[in-house]
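To start, the structure under review is shown below, and the notes come after it.
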Amino acid sequence: MRGLHPAAIVMFEGFLYELRDAKVPVSLKEFLTLMAAMKQNVAGYDITDFYYLARTALVKDERHLDKFDRVFGHYFKGIETLGEVEPVIPEEWLKKLGEKLLTEEEKNQIEAMGGWDKLMETLKQRLDEQKERHDGGNKWVGTAGTSPYGAYGYNPEGVRIGQEESRNKRAVKVWDKREFRNLDDQVEIGTRNIKLALRRLRQFARSGADMELDLDDTIRSTARNAGWLDLKLVAEKRNAVKVLLLLDIGGSMDGHIRTCAQLFSAASSEFKNLEYFYFHNCPYEALWPDAARRHVERVATNEILRTYDQSWKLIFIGDASMSPYEIETPGGSAEHWNDEAGGVWLDRIVTAYPKSVWLNPVPERHWQGTESIGMIRETMAGRMFPLTLDGLDHAMRRLIR
Amino acid sequence: MARFEGTENYVATDDLRVAVNAAIALERPLLVKGEPGTGKTVLAHEIAKALGKNLITWHIKSTTKAQQGLYEYDAVTRLRDGQLGDAKTGDIRNYIIRGKLWEAFTAPEAPVLLIDEIDKADIEFPNDLLLELDRMEFYVYETREMVVAQHRPVVIITSNNEKELPDAFLRRCFFHYIRFPDRETMAHIVDVHFPGLQKELLREALTAFYEVRDVPGLKKKPSTSELLDWIKLLMVEDMSAEDLRQRDPQKLIPPLHGALLKNEQDVHLFERLAFINRRERGK
């Protein structure tokens, strides 16, 4: 990119990769935006403003703000030992920053030594030397005290001059405060893809007030009206699909809670008609409307079968990993005495809902190894899909078929 | 180049100022998120005011389509007019209804365009506007003309996080998250709205306000706009700092709480807490 110090790109690469390593989704496009903004002098000559600018250009979601602050703080510290953030920044900007911070006396000193151009040239030279010596590229960061470049920082002609009193210090505080800590890692992460997969499960039906022009009917009645326009309206189409979600919350599901929470969050915003119940390992004669209050509130499975007719689409979410007894023997349940075997109930439920699938968070390649997964797959007549985007996609196609 | 520095009615933090100026300088949209009531929509109004530009607002609803922001062709009216023998029907342009984006693109001076609550629309909505917002131009099929922005408007987009926005869309925007103001900023904000408010009253009101916000389990935490309403109410009712301070410790809930708590479950929560508090004191 023109107008940037050659070292800037090298330096920035490091920052970019560090951000990406920290799982902040940054692409080249954002980086170029930031560079363009720097050239347009948006940040003024203030390092805090530079931080704000980098943040507004590189971070696109509040849950990444904390990660960004951490990386910025860490990265900035590395540079601080060297003296400055100069290679990150276009020369022009840096020069002006220097001018702003330097005293008259210092400026004269710089002039005496050949001026800013000379300074930048030497800087570049030193950087190159340094690179060869370490051949790591940006390893020179942090070797402050010993490297010629680091020592250079104390030269009155170096860019560090005037920094001690703290534009930097103040700046560091801003990101070291990490005010966005509690926004990190919310459940919403990545639900967009899931929602897109769930969209396959759409059944449009017309309901509500007549708002939309019905073209076919209008043409028909206009023709019948001897060419005089006769408008016909119909109700808008809405997604009328009805989904019944049965979720396993047994102990073995603990490892999959995150995925399930994501799916659940996506489903609850995608489907207006969504009902859900919980079970442990295998559904028996009762299900729980609330996982936390499962010993208090329970709904008889038969009642659910009566309440929701077969136009509902049924989705099980569970790892189907349990002792085979929990499926095939009465009294085999891990939690209570069941008069009828889990398999019987499962069969009853699957029969009641012709459109049903089982989503399994256990990776497909491990399915063979668990006997109970095989048994449930048999009951589901093969309609078990892995809880991945691809599996979800297949499951939705299956449900709509 | 015009720069945004906040206005007398709006306290802009440094980071917000930088974000807005970056968006203005690079002519990219600025996506603003934050808790409800932290002044996302107001921001666009204030930017327009500060820069002396017109504001064009496009409110997004769940039924809004991207095309409506560009233009709509009213074929039905044209057909009806045609049957009545109206001469207007000869020119299709009479039946092209311009949308907000078209309006913004063709304004004689670059306006501020506010796309409010973009997350309310369908999940594909932002994608449908990618090219239009990127190049600031679009094609009208009916008249075979290209609408190109004469001056690129300053685009402010707000979102309440109801839906996630697509990456391709985000890459084209600057992003700013309006944090909930800390006490100091909040005092400043209140001061801007109610200059000359008694210092005592302000301090007590803010203490009570942040106490309410800190109560765990609230369904809807009161925000800046609720605080401003409440203070206004306190002033109208002529409440003094004393009244606020001498709140009965058994009654946790502040006076005139209707302005702060908008949800009856939250009011119940406070009553329950007051009850527990009372019982513990009784021991």
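Sort A:L399, A:L314 so that the residue with the fewest other Cβ atoms within 10 Å of its own Cβ comes first and the one with the most comes last.
Ranking A:L399, A:L314 by Cβ neighbours within 10 Å, fewest first, gives A:L399, A:L314.
In chain B, if the dipole is taken from +1 on Lys/Arg beta carbons and -1 on Asp/Glu beta carbons about the Cα centre, which of B:P195, B:Q150, B:L130 is farthest to the positive end?
With unit charges placed on the Cβ atoms, the residue in question is B:P195.
Taking 0.36 nm per intervening residue step and subtracting the Cα-Cα distance, what contour gain separates B:E124 from B:V148 on full extension?
Full-extension gain reported as 6.3 nm.
Could you pull the Rg and Dmax for region B:183-233, using just the Cα atoms, both in Å?
According to the Cα coordinates of region B:183-233, Rg and Dmax are 10.9, 35 Å.
Taking the mean number of other Cβ atoms within 10 Å as a proxy for protection, how do you rank A:15-26, A:230-241 from highest to lowest?
A:15-26, A:230-241
Would you mind checking which residues have amide H under 5 Å from B:E124's amide H? H placed 1.01 Å from N; only 5 or more apart, or other chain.
Under 5 Å from the amide H of B:E124: no residue qualifies.
Highest first, please rank the peptides A:319-327, A:343-351 by the mean number of other Cβ atoms sitting within 10 Å of their residues.
By packing density, highest mean first, the sequence is A:319-327, A:343-351.
How large is ³J(HN,Hα) for each residue in region A:348-359, as worked out from phi by the Karplus curve 6.51 cos²θ - 1.76 cosθ + 1.60 (θ = phi - 60°), to whole Hz, x for Gly and Pro?
Running phi through 6.51 cos²θ - 1.76 cosθ + 1.60 with θ = phi - 60° gives 4, 5, 5, 5, 5, 10, x, 9, 8, 9, 10, 9 Hz.
B:I156's amide H: which non-local residues (gap 5+, or another chain) put their own amide H closer than 5 Å, with H modeled 1.01 Å from N in plane and none for Pro or chain starts?
Those qualifying (amide H under 5 Å, at least 5 residues apart or on another chain) are B:L30, B:L113, B:L114, B:I115.
So how far apart, in nm, are the two label points at A:L233 and B:D229 if each is 7 Å from Cα heading toward Cβ?
3.3 nm
So what's the net charge close to B:I96: Lys and Arg +1, Asp and Glu -1, counting the other residues with Cβ under 11 Å from its Cβ?
Surrounding charge for B:I96 is -2.
How long, wide and thick is chain B, going by the Cα atoms along their three principal axes, in whole angstroms, largest first?
85, 44, 37
Which order results if B:E35, B:E124, B:E8 are arranged by neighbouring Cβ count within 10 Å, fewest first?
Placing the least packed residue first, the sequence is B:E8, B:E124, B:E35.
What is the spread of the Cα atoms of region A:241-399 along each of their three principal axes, largest first, in whole Å?
37, 36, 29
How large is ³J(HN,Hα), in whole Hz, for each residue of region B:186-199 in order, when computed from phi with the Karplus curve 6.51 cos²θ - 1.76 cosθ + 1.60 and θ = phi - 60°, using x for Gly and Pro?
Running phi through 6.51 cos²θ - 1.76 cosθ + 1.60 with θ = phi - 60° gives 4, 4, 5, 4, 4, 4, 5, 7, 10, x, x, 5, 4, 4 Hz.
Rounded to the nearest 20 debye, what is the charge dipole size of region B:52-114 about its Cα centre when +1 sits on each Lys and Arg Cβ and -1 on each Asp and Glu Cβ?
180 debye
Going by average Cβ density within 10 Å per residue, which order do the peptides A:357-365, A:214-222 take, highest to lowest?
Descending mean neighbour count gives A:357-365, A:214-222.
Set the Förster distance to 30 Å, then compute FRET efficiency between B:R93 and A:S27 from the Cβ-Cβ distance, nearest 0.05.
Efficiency, rounded to the nearest 0.05: 0.15.
Under the definition of partner shielding as Cβ atoms of other protein chains within 10 Å of a residue Cβ, what is the mean value for peptide B:165-172?
Averaged over the peptide's residues, the number is 4.
In Å, what is the Rg of the alpha-carbon atoms in region B:144-239, and how long is Dmax?
In order Rg, Dmax, the Cα atoms of region B:144-239 give 19.7, 65 Å.
Spelling out what I want: for every residue of region A:254-268, take phi, set θ = phi - 60°, compute 6.51 cos²θ - 1.76 cosθ + 1.60 (Karplus), and round to whole Hz; glycine and proline get x.
Per residue, the Karplus-derived 3J(HN,Hα) values read 3, x, 10, 3, 4, 4, 5, 4, 4, 4, 5, 4, 5, 5, 5 Hz.
How far apart, in nm, are two points set 7 Å out from the Cα along the Cα-to-Cβ line at A:K242 and at B:R272?
Taking the simple label geometry, A:K242 and B:R272 are separated by 3.3 nm.
Taking the number of other C-beta atoms within 10 Å as the exposure measure, put B:K33, A:K242, A:K313 in order starting with the fewest.
A:K242, B:K33, A:K313
Check B:Y71: other-chain or 5+ apart residues with amide H under 5 Å from its amide H, H built from backbone geometry?
B:G99
Roughly what % antiparallel, to the nearest 5, for the DSSP beta bridges in chain B?
Bridges in chain B are about 30 percent antiparallel.
Bear in mind these aren't lab numbers, they're just calculated from the coordinates by the rules spelled out. Here the structure is a predicted model, which means the values were calculated and not measured. Because the Cβ atoms are built from the backbone with ideal geometry, glycine has one as well, and the counts that use them run over all protein chains shown.
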